[in-house]
Amino acid sequence: GEDVEQSLFLSVREGDSSVINCTYTDSSSTYLYWYKQEPGAGLQLLTYIFSNMDMKQDQRLTVLLNKKDKHLSLRIADTQTGDSAIYFCAGASSNTGKLIFGQGTTLQVKP
Amino acid sequence: DAGVTQSPTHLIKTRGQQVTLRCSPKSGHDTVSWYQQALGQGPQFIFQYYEEEERQRGNFPDRFSGHQFPNYSSELNVNALLLGDSALYLCASSAWDRVNYGYTFGSGTRLTVV
């Protein structure tokens with residue numbers, strides 16, 4: 001079945017790196033996304049990776065994909081207080097655009 | 001360039017009533033999806049519209065229905081509201097041929113059923 005799991009909470013110090021992990025069960029998830037949600041707001045697409053890729057880097061963000069273990073991670077370098085938010089991992093299979101979301105990881109950045 | 005706009009932002013309804021939520025997609029987008037996000041949970045897919053037709057549907061009862069208009073805007077209707085329908089309802093848009101590159105989400109409508 002379709003399921004995406006994330007750890008619920010991560011706390012880091014400003015300036016450190018943050019690593020948010022995600023595991024998905026559907027092997028047909030060929031498109032994987034990271035979204036950010038700030039309090040009272042909608043979801044902001046941060047980055048995406050396709051299953052034919054192992055890594056993608058975009059400024060402070062690095063996404064790693066381990067297809068064998070169905071594991072996805074998001075690394076945020078030089079984490080800032082403005083990065084405090086809930087981060088959602090989401091997967092989609094085939095060419096449908098139907099997203100299956102994890103429960104979200106709350107990132108707390110301490111000054 | 002406006003992103004995805006949703007209205008209203010907040011709504012309070014009584015159990016058993018009906019509600020209509022509205023969404024205008026981002027300029028250039030023709031595909032609209034709706035999601036329900038309960039407190040403390042990730043969004044759950046309700047349905048997707050393209051070319052004024054429902055293309056996919058999640059595991060939601062028939063009380064949830066929708067519509068897409070020729071200008072690509074969309075409505076979500078919920079009949080016979082239950083307390084459990086209280087949630088943030090998110091609209092997301094994309095171009096049909098670029099859905100794999102991710103959706104743009106609106107800020108949502110917060111529905112409270114009392």
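The values are calculated or read from the model by the stated rules, or taken from the named source; none is laboratory data. Values in this document were obtained by computation on a predicted structure and should not be read as measured data. Glycine also receives a Cβ, built like all others from the backbone with ideal geometry; neighbour counts cover every protein chain displayed. Side chains included, ligands, DNA and RNA excluded: accessible areas come from the protein's heavy atoms. Shrake-Rupley method; radii C 1.70, N 1.55, O 1.52, S 1.80 Å.
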Going through A:Lys98/B:Lys26; A:Lys70/B:Lys26; A:Lys36/A:Lys68 one by one, the pairs whose alpha carbons sit over 22 Å apart turn out to be A:Lys70/B:Lys26; A:Lys36/A:Lys68
Counting only protein heavy atoms and rolling a 1.4 Å probe, one gets per residue an accessible area for chain B in Å² of 47 Å²
The equivalent-ellipsoid semi-axes of the protein assembly as shown, taken as the square roots of five times the Cα gyration tensor eigenvalues and listed largest first in whole Å, are 29, 20, 16
Computed over the Cα atoms of the range A:21-79, the Rg and Dmax in Å are 12.0, 36
P(r) of chain B over all Cα-Cα pairs, 5 Å bins starting at 0, rounded to whole percent, reads 2, 13, 24, 26, 19, 10, 4, 1, 0
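Averaged over peptide A:34-43, how many Cβ atoms belonging to another chain are found within 10 Å of each residue's Cβ?
Mean shielding count: 5.
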Expected integer from the mean partner chain Cβ neighbour count at 10 Å over B:81-93 is 1
Whole-Å distance linking the alpha carbon centroid of the range A:35-111 with that of the range B:10-47 is 22 Å
Scoring the range A:6-88 by relative contact order with C-alpha pairs under 8 Å, at least six apart, yields a percentage of 37 percent
Of all DSSP beta bridges having both residues in chain A, the percent classed as antiparallel (nearest 5) is 90 percent
Of every hundred units of 1.4 Å-probe accessible area on chain B, the number belonging to carbon and sulfur atoms, as a percent, is 46 percent
Dividing the alpha-carbon radius of gyration of the range A:38-109 by 2.2 N^0.38 Å, where N counts its residues, gives 1.16
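With the other protein chains left in place, how much accessible area per residue, in square angstrom, belongs to chain A at a 1.4 angstrom probe? Let's see the in-between values first.
Numbers: 5320 Å² over 111 residues.
Averaged over the residues of chain A, the accessible area is 48 Å².
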